[in-house]
Structure formats: C-alpha cells, structure tokens
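Worksheet for the structure shown next.
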C-alpha cells in the first residue's frame, strides 16, 4: 500500500471510529465522497470532533471556517491538506 | 442590452469572516492597509450574548460577535472613511446602478442571500441573508466576485447575483450595496484602535441585563446546568447543539472570534508600541482554546460520544472559567487603555 493510500485508509478508520459511524465501514467511504450531508449523516457538530482529531493524530490545525469548508469536504481533500502542511 | 465587460484591478484575499474580510479588502484597494483582525478590533466585533427569548429554528440564540453590519459601520466611522450605502426596491435598477459603479472603476460591496450564490457547493448553501462580497467586474454576462470565504475570485452569473441581492426572507438584503466615496488624508489608526478596545471592554463588562457580555456567559452556564435537569435528553442536546453550531459552524476549531481578537491585540501591540498587549493577546488565545474545549466536550455530549467526566455540569464549569478569564482580561485591557491614554 502506498503512503497516500495508507493515509487515506487511516483517515477513514479515524472518521468511522471517532465519529461513531456504527453503520458504515471504513472501506465504504469513497475518497471523493462528501463527508458532510445526508450520505454519512455528519454535520457541523461532528466537524468539531473531526478538527480536534486531525490535530491530535496528524498535528494539523484548521484555523477558520473558510479553510474548514474546503479541507473537510472529502477524504481526498483532508489527505491533500495533511500532505501539503508546511514543514515544522 | 448587456453591460460591457469590465475588470477593476482588485486584490482578493480570503478571510475568516465575510464582513471584516470585505471591508479589509475594500480599504486596501483604496490604499489603507488594514488587516481583517484590525477591522474586527476597530469595529469592536468581539461580543457575547445569550438570548433565551429570541428563537432561531425554535432554539435560543447565542451570539459570539457584534451584530452583522455593526462592525463595518463602527470601523469606517473610527477610521474616518466615507462609505456610501444604497438599497433598491427595483432589482433591475439595483443591477444597473451596480454596473454603472463598475464602469466608474469602483469596486462595490454587496449584501446577499448566500443560498442563491451558485458558486457555493450545494451542500454549503443555506438561507443567510447577510453575506457580504465585493463585485469588481463583469465578463461574458457574469460578475467577477471577491467572496472572502473563497481562496480565489469567482464568477457569478447575472441572474444568480440578482437573486442573491434581492433574496427574500428574514433580514432581506433589498439590493444593499456600498462603496468607498472618501478616504481620510491622515487616518488616525492608533486612535481608532484605542476606541475599538475601549468599546469592547465596556460592552463585555458593563452591558446592562443578564444576557450580554461576561454576565451572559455566566447566564448560559447556569442554563446549561438546568437543561440537564429540566429537559428531556434530546431537547437538552438540541439546545447545546445550537450553541455549538453558532460558535463553531463547520469546524472552525474554536471560539474563532476570540482568536481573531487575539491577532488584533498582537497587531495593536506593535501599533501602540505597548508590549503588555502581547501578553493580553496570549491570554485571549487561551480563552479561545477554552471555548474550543467547551465545543468539543459539548459536541461529544450531543452525539452521545461523551466520556464519564464529560457532563453538562462540566460544561457549565468550562463556561464559568471562560467568563472568569474574560472578565480579568477586559479589566486589564481597559486599565491599560486608561494608563496609556
């Protein structure tokens, strides 16, 4: 599994486990699937937890609402955000 | 006949909040370098209000910043900028006047209903009639738009912009548009900053009644404790969810406006050459982190992910610590303004 594929896999497991998606398996989340909305039932309250978990597990900080909208769209957008973070 | 194409050279910058971002971008266009946090601070944007008697979606309203429009009005007044506002009954006339200003090379701020802006992904569209953006040109029947929540300028078809400017419903924009008609020859930035800080301290510490400022935060703390006792779990979670949504909205990661104000205090420290404001900025960041903790624990309670220690009583305790920290901070800030007057 490539580094990017492994990261996406880790992200999907994180989303399912930390957001308590009891009826969804990680592999059912497509890389481009919209995370928020009807499909997985996630809303802005879940986004609070997701932002916290991304900081805890990957050290990335989403600073504001505009960034959050763009970054949290899908596994692919989160993955791109994590991979493009500036070096510490 | 369609209006001719026009593109005003306009520097777009993304921002955290539409009202402050639009004003910052407009002022920069007219030669006054003022950042978004500066606009927020000068306009005394920081606020807290818990209004159990005002309902939004049948749930009590909580506000973390000054009411929409107030920040802009206060900021331009304190900076000595002349901002002309117009509103229209006739959509056709409203669009024609917009076209005329563009031909005069004047970028125009517009208040819009975000739901009708087709460049927003559909899932992010909601009925909010106070969304600000700047129109800075026309191309092929569409408008060039600097929307501060987007990283780059966007194109908006004429019909969509017309619908957005004349959206119906609560706080209908009625085609409201605004543009700069006068800039100060020597803006008193330091004076504007001091007036903005004094205003926030007064509102947060001395606003009358139990619902505003730090008293409002304590009132909310008491309410949160009571929800757990008096309401069904689902009703309590709905009320809590409403507070968190108003604080966070799609993952801002904390009491975002507290962080913007911390950035403002940091800039103000340089402008006023007062290093003590840097310490106060750090304290404000710590307050923002505490609000973030409130949102995180609250979200877990709402979504039934809470650990044993994450309770409504614990949330009330976090809120009281926010209120204590903010009370001390505004007192020290007001004293600093007084001491350096």
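The values are calculated or read from the model by the stated rules, or taken from the named source; none is laboratory data. The model shown is predicted, which means the values in this text are computed figures rather than measured ones. No Cβ is skipped: glycine too gets one built from the backbone with ideal geometry, and neighbour counts run over all protein chains shown.
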Condition check for residue B:152: within 12 Å of chain A (Cβ to nearest Cβ) and over 20 Å from residue B:83 (Cβ atoms)
yes
Are there any helices (runs of 4 or more DSSP H) wholly within region B:209-310 with 1 or more residues that are in contact with a strand residue (DSSP E or B) (Cβ under 6 Å, 6 or more places away or on another chain), and if so which?
B:213-230, B:233-248, B:256-271
Selection status of residue A:75, more than 7 Å from chain B (Cβ to nearest Cβ) and within 25 Å of residue B:304 (Cβ to Cβ)
yes
Quick one: in region A:65-80, which of the residues that are assigned to a helix (DSSP H, G or I) and in contact (Cβ under 8 Å) with a residue 24 or more places away in the chain is surrounded by the fewest Cβ atoms within 10 Å (Cβ to Cβ)?
A:76
Taking only region A:23-56 into account, find how many residues are within 21 Å of residue B:310 (Cα to Cα) and either more than 14 Å from every other protein chain (Cβ to nearest Cβ) or surrounded by fewer than 19 Cβ atoms within 10 Å (Cβ to Cβ) (or both).
4
In this structure, is residue A:62 within 13 Å of chain B (Cβ to nearest Cβ), in contact with a helix residue (DSSP H, G or I) (Cβ under 6 Å, 6 or more places away or on another chain) and not in a helix (DSSP H, G or I)?
yes
Hits in region B:77-94 (condition: within 26 Å of the chain's Cα centre (by Cα) and either in contact (Cβ under 8 Å) with a residue 40 or more places away in the chain or closer than 22 Å to residue B:162 by Cα (or both)):
B:78, B:79, B:80, B:81, B:82, B:83, B:84, B:85, B:86, B:87, B:88, B:94
Index of the failed condition, residue A:33 passing every other in (1) in a loop (DSSP other than H, G, I, E, B); (2) within 30 Å of residue B:36 (Cα to Cα):
(2)
Mind listing whichever residues of region A:11-22 are part of a helix (DSSP H, G or I) and crowded, with 16+ Cβ neighbours inside 10 Å?
A:11, A:12, A:14, A:15, A:16, A:18
Any residue at all in region B:172-185 that's within 14 Å of chain A (Cβ to nearest Cβ), modelled with pLDDT of 95 or more and out of contact with any helix residue (DSSP H, G or I) (no Cβ under 6 Å at 6 or more places or on another chain)?
no
Residues of region B:270-305 being without any contact (Cβ under 8 Å) to a residue 24 or more places away in the chain, away from chain A (no Cβ under 14 Å) and crowded, with 18+ Cβ neighbours inside 10 Å, which ones?
B:281
Hey, among the residues in region B:97-125 that are without any contact (Cβ under 8 Å) to a residue 60 or more places away in the chain and farther than 20 Å from residue B:151 by Cβ, which one's nearest to the other protein chains (Cβ to nearest Cβ)?
B:115
Is it the case that some residue within region B:138-156 is in a helix (DSSP H, G or I), touching a strand residue (DSSP E or B) at 6+ places or on another chain (Cβ under 7 Å), surrounded by fewer than 18 Cβ atoms within 10 Å (Cβ to Cβ) and assigned by TED's automatic domain parsing to the domain that holds residue B:88?
no
